[in-house]
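What follows draws every value from the coordinates through simple rules; no lab data is involved. The shown structure was predicted, so the numbers you read here are calculated from the model rather than taken from an experiment. Quick reminder, even Gly has a Cβ in these numbers, built from the backbone with ideal geometry, and neighbours come from all protein chains shown.
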Amino acid sequence: MNERETAVYTLNDILSEKAYNNIALRRTFNKDTELSVVQRAFITELVNGTLRNLILLDYIINQFSKTKTEKMKPLILNILRTGVYQIMFMKKIPVSAACNEAVKLAKKKGFGQLSGFVNAVLRNIAINIDRIKYPNEAKDAAGFLSVKYSYPKWIIDYWNKSYSIDEIKKICISSSLPPKLCACINTLKCDRNILKAALADDNAVLCSVQKETENNAVYLTKSGDITKTTAYKNGLFHIMDESSMLAVKILAPKQGDTVIDVCAAPGGKSFYCAYLMNNKGKISSRDIYSHKKELIDAGAKRLGINIINTEIKDAETYYSEDEQSADCVLVDAPCSGLGLARKKPDIKYKKTMEDIIQLSAVQRNILKACCGYVKIGGALVYSTCTISEKENTENIKWFCSEFDFEPDDISRYLSFESETAKNGYIQILPNMFDTDGFFIARLIRKG
């Protein structure tokens, strides 16, 4: 298969078979090991770019096709979507190439009778690209944002209960950008300068951080698979977003502490805790799946961490043997993931308001089950990678009203101003620091 064909089949896995974009791409690349670095980059851009703009692409196709997208065969629709994406966003690709390759692919897959249709729709869009009609932003701001930035309208309406339309637009614009690769320096083995030299030897580039929220964060410009570099194999860093690191900084584990990470997989936050603790103390990293336990174990071994004890335990279940055993408890709860749209653009189309309601109940069950593990005067940090009042501030208000915990001013952990820090929490939006969207709250158990 060529790159465009591979991208179309990967999209089909994601949209029709409900696979996650990162898993589907990894499966594609593991299957076709002969793909070059350039080919993999092209496929990744075409798949994730199409997903980021799915609603917009369908909206445009429907303007220029008598057959509407909901009536099209999935393969033809994905051929059209990737073709329109190339025309709209991949300026280095000639329009003729985008159209011709789409036609060839339709014919190759047994849709020769539809190849003329594919050609006509794509060339019509290319000719009239400056005449596309969008919803009127002044009269229908939510409708405009939904189409322009490919967010289901229910998400825009939900966010509008907490944020202004201008703020939502900033969130949408920032979330439509390709993700940056962020790494957390393993200070048990190196510092920024040592890592920079090691990555230079691997032909990977260490980028400066313009608006640093966590001083262990570095951004990488990579060529190929970063996990194949000597620096990675030697455990000099692990992959982790800067906003996620901030949750650990706010947890503030100290050398000799006992920490329980109740939803630990794939282990990044537990690893960072170990760095801050100078690999001295105890960390219980928990998950309900054995394969995720193995993933954490492998990561800890690569990084040279020996204070992590992985356990298969359900975060929604209370374990009496853990009562008041921890100085710090981290609840990085399962959530709707609406702050991860850059990395997981398909998540926008897979979540519903019903999911948010159900997840909020799960999150409360986890808080209820795990809060007893915190020692008197100890800290519980609750975090999510979403932008959702029901899952975030509403849960914290409920928790503090039901249990003997109080918010702790987190201003001292931040290198930037936050209006809500004194109230014990912060909502990081993607447009604030060019990171994932993230919510973090720090709560202290009262005596």
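Between Pro152, Pro94, Pro430, the GNM of the chain built on Cα springs shorter than 10 angstrom shows Pro94 fluctuating the most.
Centre-to-centre separation between the Cα atoms of the range 1-54 and those of the range 333-409: 31 Å. A Förster distance of 22 Å, applied to the separation of the beta-carbon atoms of Phe89 and Ser164, puts the FRET efficiency at 0.20.
Taking amide H atoms as placed 1.01 Å from N in the peptide plane, list the residues 5 or more away in sequence, or in a different chain, whose amide H sits under 5 Å from that of Ser284. Distant-sequence amide H within range of Ser284: Val259, Ile260, Asp261, Asn309.
Working value for the chain: equivalent-ellipsoid semi-axes of 41, 26, 19 Å, each the square root of 5 times a Cα gyration tensor eigenvalue, largest first. Listed from fewest to most Cβ neighbours within 10 Å, the set Glu3, Glu402, Glu17 follows the order Glu17, Glu402, Glu3. Within the listed set Leu11, Leu251, Leu25, the residue fluctuating most in the Gaussian network model of the chain (springs between alpha-carbon atoms under 10 angstrom) is Leu25. The residues neighbouring Ile61, those whose beta-carbon lies less than 9 Å from its own, together hold a net charge of +1 under the Lys/Arg +1, Asp/Glu -1 convention. Binned at 10 Å from 0, what are the whole-percent values of the Cα-Cα distance distribution for the range 365-447, short to long? Per 10 Å bin, starting at 0, the Cα pair percentages come out as 18, 51, 27, 5.
With a simple spin-label model that places each label point 7 Å from the Cα along the Cα-to-Cβ direction, the separation between Glu406 and Glu70 comes to 5.4 nm. Only beta bridges with both residues in the chain are counted; by DSSP, about 55 percent of them are antiparallel.
With the convex hull drawn around the C-alpha atoms of the range 195-335, the volume per residue stands at 117 Å³.
Here Lys92 is the anchor, and the aspartates and glutamates within straight C-alpha reach of less than 17 Å, apart from those fewer than 8 places off in the same chain, are Glu3, Glu45, Glu101. Within the listed set Ile283, Ile127, Ile426, the residue fluctuating most in the Gaussian network model of the chain (springs between alpha-carbon atoms under 10 angstrom) is Ile127.
Label separation (Asp297 vs Asn100): 5.5 nm, computed from points 7 Å beyond Cα along the C-beta direction. Compute the separation of the alpha-carbon centres of the range 109-145 and the range 237-303 and state it in Å as a whole number. Cα centroid of the range 109-145 versus Cα centroid of the range 237-303: 46 Å apart. Here each label is just a point 7 Å from Cα along the line to Cβ, and for Asn203 and Gln324 those points are 5.9 nm apart. Working note: Karplus 6.51/-1.76/1.60 with θ = phi - 60° gives the range 276-287 the couplings 5, 8, 6, 6, 9, x, 9, 10, 9, 9, 10, 7 Hz, where Gly and Pro are set to x.
Only DSSP H runs of four or more residues enter the estimate; each adds -39500 (n - 2.57), and after division by the residues of the chain the mean residue ellipticity at 222 nm equals -13500 deg cm²/dmol. Working note: Karplus 6.51/-1.76/1.60 with θ = phi - 60° gives the range 348-364 the couplings 4, 9, 9, 9, 10, 5, 5, 4, 4, 5, 5, 5, 4, 5, 4, 4, 5 Hz, where Gly and Pro are set to x.
Here the range 3-131 is treated as a sphere whose radius is the Kirkwood value from Cα pairs; by Stokes-Einstein at 10 °C and 1.306 mPa s it diffuses with a coefficient of 108 µm²/s.
In this entry, the range 109-223 is assigned a mean projected area of 13.4 nm², taken as a quarter of its C-alpha convex hull surface.
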